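A.B. asks: Shown below is the structure under consideration.
The values are calculated or read from the model by the stated rules, or taken from the named source; none is laboratory data. Every value quoted in this text rests on a predicted model; they were computed, and no experiment measured them. With ideal geometry, Cβ positions are generated from the backbone for all residues, glycine too; neighbour counts draw on all protein chains shown.
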Amino acid sequence: MNRKISWIVMGALVLSLPGCGGGDKGATTVQQAKVLVKTAPVEKRMINEEVEFTANIEPYKKNYVTPAVSGVRIDRILVDVGDRVRKGQLLVEMDPVQYDQQMVQLMNQQADYNRIKAVYEAGGVSKQELDQAETQLEIQQKNVDNLKKNIRLVSPIDGVVTARNSEEGNLFDNQPVLELMQIDRLKVMAALSEQYFSKVKVGMPVAVTVDIYPGETFEGRVSLIYPALDPQTRTFQVEVTIPNGNGRLRPGMFSRSIFNMGEKEGLMVPDVAVQRQAGTNDRFVYVIKDSVAEYRRVKTGRQVASEIDLLSGVSEGEEVALTSFTKLDDGTLVQIKND
């Protein structure tokens, strides 16, 4: 070893010995103060796995009453907004002038066909001429049938009139004359994560709540599961049907649908242990390990009473901090005080 370096090292050792270099009076001791925290263990327990979805309530069916031919005058509208209607009930009558004209033309073509057929049987015209007359007659018959359906407009469902967009005497201008909704049953559409695809079944009960009836639950059931997933969101559509015979629910109400997916093992911690990162939606906890705080980002699941299921970030048996969050950081020395 270099002689000069040896003397420096020895000098440093001498200065560090008690009683040397001016005694204890000039020595300083740096020790980080420990932060007192309360903790709770991460506990594994069986919990009901519930998924909540928010959506507006929709009518079970929605139909528009409209003729297929524009420019026809509306003769009579037999119902108004709020009226209940039955399937097949006459709702609107259109001006029959066009129908009457086409009916006269149909009768003329029928007479022409009968005449040509008689001449054909006598050998006076070709089979081609007879076929042409028959084709024209069939086309005119379809025109008349179509007009007949469009001058007497009936309800396609049992429901209620929710909009009336025209008045008697107006010309139909492609805007539906009436809007109908079936509301004795209602539905909500839920977009569920692909992880639940194997758990959702047709007929499965779903609890539905609405804000205007606090504390009250309406029982719906899964009526349709769409077979394909959205590749962008990795979700699939589920239709939930809600009986509404008493009419207390209405389309457009804001609802919450709760799907019970059965029991699962959850890693539960007190909800006060989970903090939100300022300016983000990230959640985190401080795990206390060997008297040191560790920052852990976590993914949260369902809240049960005052506890939250953590889906990632922690393990069973680890201790999480419940207090002193403003004093904690990753690597902070702590002292547990749970008395």
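A.B. asks: Here are V208, V202, V188: which of them is at pLDDT 95 or above and either part of a loop (DSSP other than H, G, I, E, B) or at positive phi (or both)?
C.D. replies: Testing whether each residue is at pLDDT 95 or above and either part of a loop (DSSP other than H, G, I, E, B) or at positive phi (or both) leaves just V202.
A.B. asks: Looking at S223, is it farther than 24 Å from R302 by Cβ and touching a residue at least 24 places away in the same chain (Cβ under 8 Å)?
C.D. replies: Numbers: farther than 24 Å from R302 by Cβ: yes; touching a residue at least 24 places away in the same chain (Cβ under 8 Å): yes.
For S223, the condition - farther than 24 Å from R302 by Cβ and touching a residue at least 24 places away in the same chain (Cβ under 8 Å) - is met.
A.B. asks: While we're looking at this one, here's another question. If you check V144, V104, which single one turns out to be in a helix (DSSP H, G or I), among the hydrophobic types (A, V, I, L, M, F, W, C) and exposed (fewer than 12 other Cβ atoms within 10 Å of the Cβ)?
C.D. replies: Just one listed residue meets the conditions, V104.
A.B. asks: In the stretch 269-287, which residues are exposed (fewer than 13 other Cβ atoms within 10 Å of the Cβ) and either in a strand (DSSP E or B) or charged (D, E, K, R) (or both)?
C.D. replies: R276, D282, listed by residue number.
A.B. asks: Suppose we filter G88, G124 for residues that are over 24 Å from Q182 (Cβ atoms) and either part of a loop (DSSP other than H, G, I, E, B) or touching an Asp or Glu at 6+ places or on another chain (Cβ under 8 Å) (or both); which single one remains? Give the derivation first.
C.D. replies: On the way: G88 fails: over 24 Å from Q182 (Cβ atoms).
Of the residues listed, the single one that is over 24 Å from Q182 (Cβ atoms) and either part of a loop (DSSP other than H, G, I, E, B) or touching an Asp or Glu at 6+ places or on another chain (Cβ under 8 Å) (or both) is G124.
A.B. asks: In this structure, does V298 turn out to be at pLDDT 95 or above and closer than 25 Å to K199 by Cβ?
C.D. replies: Spelling it out, V298 is indeed at pLDDT 95 or above and closer than 25 Å to K199 by Cβ.
A.B. asks: Let me ask something else about it. Answer yes if at least one residue in the stretch 270-293 is under 19 Å from T54 (Cβ atoms) and out of contact with any Phe, Trp or Tyr (no Cβ under 8 Å at 6 or more places or on another chain), and no otherwise.
C.D. replies: There is at least one residue in the stretch 270-293 that is under 19 Å from T54 (Cβ atoms) and out of contact with any Phe, Trp or Tyr (no Cβ under 8 Å at 6 or more places or on another chain).
A.B. asks: Does I74 fit the bill of being of a type outside the set (K, R), under 30 Å from K337 (Cα atoms) and assigned to a strand (DSSP E or B)?
C.D. replies: For I74, the condition - of a type outside the set (K, R), under 30 Å from K337 (Cα atoms) and assigned to a strand (DSSP E or B) - is not met.
A.B. asks: Name the strands (runs of 3 or more DSSP E) wholly inside the stretch 288-339 in which the number of residues that are more than 36 Å from the chain's Cα centre (by Cα) is 3 or more.
C.D. replies: 292-304, 334-336
A.B. asks: Does S255 count as at negative phi and outside any strand (DSSP E or B)?
C.D. replies: It is false that S255 is at negative phi and outside any strand (DSSP E or B).
A.B. asks: Can you name the condition, by its number, that I225 falls short on among (1) loosely packed, with under 14 Cβ neighbours inside 10 Å; (2) at pLDDT 95 or above?
C.D. replies: Tallying (1) loosely packed, with under 14 Cβ neighbours inside 10 Å; (2) at pLDDT 95 or above, I225 fails exactly one: (1).
A.B. asks: Now, a different point. Take the residues in the stretch 313-330 that are β-branched (V, I, T) and in contact (Cβ under 8 Å) with a residue 24 or more places away in the chain; name whichever of them is nearest to R296 (Cα to Cα).
C.D. replies: Only one residue tops the list, namely V314.
A.B. asks: Among (1) under 18 Å from the mean Cα position of the chain (by Cα); (2) surrounded by 14 or more Cβ atoms within 10 Å (Cβ to Cβ), which single condition is V202 missing?
C.D. replies: The single condition V202 does not satisfy is (2).
A.B. asks: Something else now. Check N165, N174 and return the single one that is free of Cβ contacts under 8 Å to residues at least 60 places away in the same chain and either over 30 Å from T241 (Cβ atoms) or surrounded by fewer than 19 Cβ atoms within 10 Å (Cβ to Cβ) (or both). Break it down stepwise before answering.
C.D. replies: Details: N174 fails: free of Cβ contacts under 8 Å to residues at least 60 places away in the same chain.
Of the residues listed, the single one that is free of Cβ contacts under 8 Å to residues at least 60 places away in the same chain and either over 30 Å from T241 (Cβ atoms) or surrounded by fewer than 19 Cβ atoms within 10 Å (Cβ to Cβ) (or both) is N165.
A.B. asks: Scan the stretch 222-236 residue by residue and report those that are of a type in the set (S, T, N, Q) and either under 19 Å from K62 (Cα atoms) or in contact with a Pro (Cβ under 9 Å, 6 or more places away or on another chain) (or both).
C.D. replies: S223
A.B. asks: Of all residues in the stretch 88-101 being in contact (Cβ under 8 Å) with a residue 40 or more places away in the chain and of a type outside the set (A, V, I, L, M), which is surrounded by the fewest Cβ atoms within 10 Å (Cβ to Cβ)?
C.D. replies: For the stretch 88-101, the residue satisfying everything is G88.
A.B. asks: Considering V97, V51, which residue is in contact with a strand residue (DSSP E or B) (Cβ under 9 Å, 6 or more places away or on another chain), modelled with pLDDT under 90 and under 30 Å from T235 (Cα atoms)?
C.D. replies: After applying the criteria, what remains is V51.
A.B. asks: Let me ask you something else. Pairs, please: C-beta under 6 Å, at least 6 apart or cross-chain, first residue without any contact (Cβ under 8 Å) to a residue 40 or more places away in the chain and on the phi < 0 side of the Ramachandran plot and in the stretch 258-278, second surrounded by 15 or more Cβ atoms within 10 Å (Cβ to Cβ) and among the basic types (K, R)?
C.D. replies: V274/R283; R276/R283
A.B. asks: For residues that are of a type in the set (V, I, T) and touching a helix residue (DSSP H, G or I) at 6+ places or on another chain (Cβ under 6 Å), scanning just the stretch 92-132, find the one that is nearest to K142 (Cα to Cα).
C.D. replies: Within the stretch 92-132, the first condition is being of a type in the set (V, I, T), and the residues that meet it are 92, 97, 104, 116, 119, 125.
Pick out the ones that are also touching a helix residue (DSSP H, G or I) at 6+ places or on another chain (Cβ under 6 Å) and you get 116, 125.
On the way: I116: 21, V125: 26 Å.
Top of the filtered list is I116.
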